[in-house]
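First the structure, in the form of structure tokens, and then the observations on it.
Bear in mind these aren't lab numbers, they're just calculated from the coordinates by the rules spelled out. This structure is a prediction, so every number in the text was calculated from the model and none was measured. Positions of Cβ are generated from backbone atoms using ideal geometry, with glycine treated the same way; all protein chains shown enter the neighbour counts.
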Amino acid sequence: MTAPGTRYTTRELTDGTWTDFVALVEANNGVWGGCWCIGFHPEGLPSDATAERNRDLKRRHVDDATVHQVLVYDAERCVGWCQYGSPAELPNIKNAASYAKELVELPDWRIGCIFTDRAHRGQGVARAALQGALDAIRARGGGVVEAYPEQLEDRPPQRGAYLHTGPESLFTDFGFVRDRRIAKWRWVMRLQLGGT
Ligand SMILES: CC(C)(COP(=O)(O)OP(=O)(O)OC[C@H]1O[C@@H](n2cnc3c(N)ncnc32)[C@H](O)[C@@H]1OP(=O)(O)O)[C@@H](O)C(=O)NCCC(=O)NCCS
């Protein structure tokens, strides 16, 4: 699918796109030294987790169709992604204890990991990835979508590398609004997609 207004296209992470995803992760040292984007999945990231274990688990999620992840392509090169899924599929959010304290109702969907290749940052890749994830959620019936991005205002400028769950401004642009604070710089943000 073409990402509107950009040069990018998007595809889901599947058996057919696995090698593109692998090339991106390997070009970025496994992402955070080898997490392979497994942290939000039910298995999580125990302190003794190896990159090999994480890669195998991710591959198993692809085989079992228990992962939803939009990959962004610049021509034929995969340059970023946005993960999404139900709370059951993505139970391991950051600041989970703080999140649980004031929890009223779980959302239908969560935005999990968002990541752009180091050499492609600041060129709209994350924006295309989030657009792709929201389009995919809408196509699956929509509902309440939560994200857990990082506040930027009143804070020194942050390198992209430190914006683990994405910049708040990006989510604001798509209509997400603050629900509650769960860490010094992290918010629960919500968006109703489709329906009421
Ligand atoms: C955060 C990150 C995803 C942003 O990706 P990106 O492709 O560079 O973002 P985009 O170019 O699409 O920017 C979209 C918007 O986000 C905001 N933004 C992006 N990077 C930003 C930064 N470093 N500081 C402030 N705002 C930023 C801006 O609002 C931007 O809109 P604008 O260009 O109109 O100003 C990227 O820096 C990254 O991958 N960081 C590492 C994240 C990570 O470790 N993920 C794994 C988690 S386990």
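³J(HN,Hα) across the range 48-59 via Karplus (A = 6.51, B = -1.76, C = 1.60, θ = phi - 60°), whole Hz, x for Gly/Pro?
9, 5, 9, 4, 5, 4, 5, 5, 5, 5, 5, 4
Among the aspartates and glutamates, select those whose C-alpha is under 20 Å from the C-alpha of LYS101, and discard any that sit fewer than 8 residues away in the same chain.
Excluding near neighbours in sequence, the set is GLU146, GLU150, ASP179.
Among ASN28, THR172, ALA147, whose Cα lies farthest out toward the positive end of the dipole of the chain, if unit charges sit on the beta carbon of Lys, Arg (+1) and Asp, Glu (-1)?
Result: THR172, furthest along the dipole toward the positive end.
Rounded to the nearest 20 debye, what is the charge dipole size of the chain about its Cα centre when +1 sits on each Lys and Arg Cβ and -1 on each Asp and Glu Cβ? Walk me through the numbers before you get to the answer.
On the way: 24 positive and 25 negative charges, 99 e Å.
With only Lys, Arg, Asp and Glu charged at Cβ, the dipole is about 480 debye.
Note down the net charge around MET1, summing +1 for each Lys or Arg and -1 for each Asp or Glu among other residues with Cβ under 11 Å from its Cβ. Write down the numbers at each step before the final one.
Values: positive: ARG11; negative: GLU12, ASP135.
Once positives and negatives cancel, what remains is -1.
Pop out the ³J(HN,Hα) list for the range 66-78 in order, Karplus 6.51 cos²θ - 1.76 cosθ + 1.60 with θ = phi - 60°, rounded to Hz; leave Gly and Pro as x.
For the range 66-78, the Karplus-derived couplings read 10, 10, 10, 8, 8, 9, 9, 10, 9, 6, 9, 9, 7 Hz, x marking Gly and Pro.
When the Karplus curve 6.51 cos²θ - 1.76 cosθ + 1.60 is applied with θ = phi - 60°, which whole-Hz ³J(HN,Hα) does each residue of the range 174-186 get, with x for Gly and Pro?
8, x, 5, 10, 4, 9, 7, 8, 10, 7, 3, 10, 10
Going through the range 93-181, which GluC sites (Glu not before Pro) have at most 13 other Cβ atoms within 10 Å and a DSSP loop state?
On the way: sites: GLU102, GLU105, GLU146, GLU150, GLU153, GLU168; in loops: GLU102, GLU105, GLU153.
Answer in residue order: GLU102, GLU105, GLU153.
For GLU26 and HIS164, compute 0.36 nm times the residue count separating them, minus their Cα-Cα distance, and round to one decimal in nm.
Working: separation 138, 0.36 × 138 = 49.68 nm, distance 1.82 nm.
The GLU26-HIS164 span can extend by a further 47.9 nm.
Please work out the Cα center distance from the range 97-167 to the range 3-76, rounded to the nearest Å.
16 Å
In nm², what is the average projected area of the convex hull enclosing the Cα atoms of the chain?
Working: hull surface 43.8 nm².
Averaged projected hull area, Cα only: 11.0 nm².
Over the range 16-81, what is the mean sequence separation of C-alpha contacts under 8 Å (at least six apart), divided by residue count, expressed as relative contact order in percent? Write down the numbers at each step before the final one.
Working: 50 pairs, mean separation 20.3, N = 66.
Answer for the range 16-81 is 31 percent.
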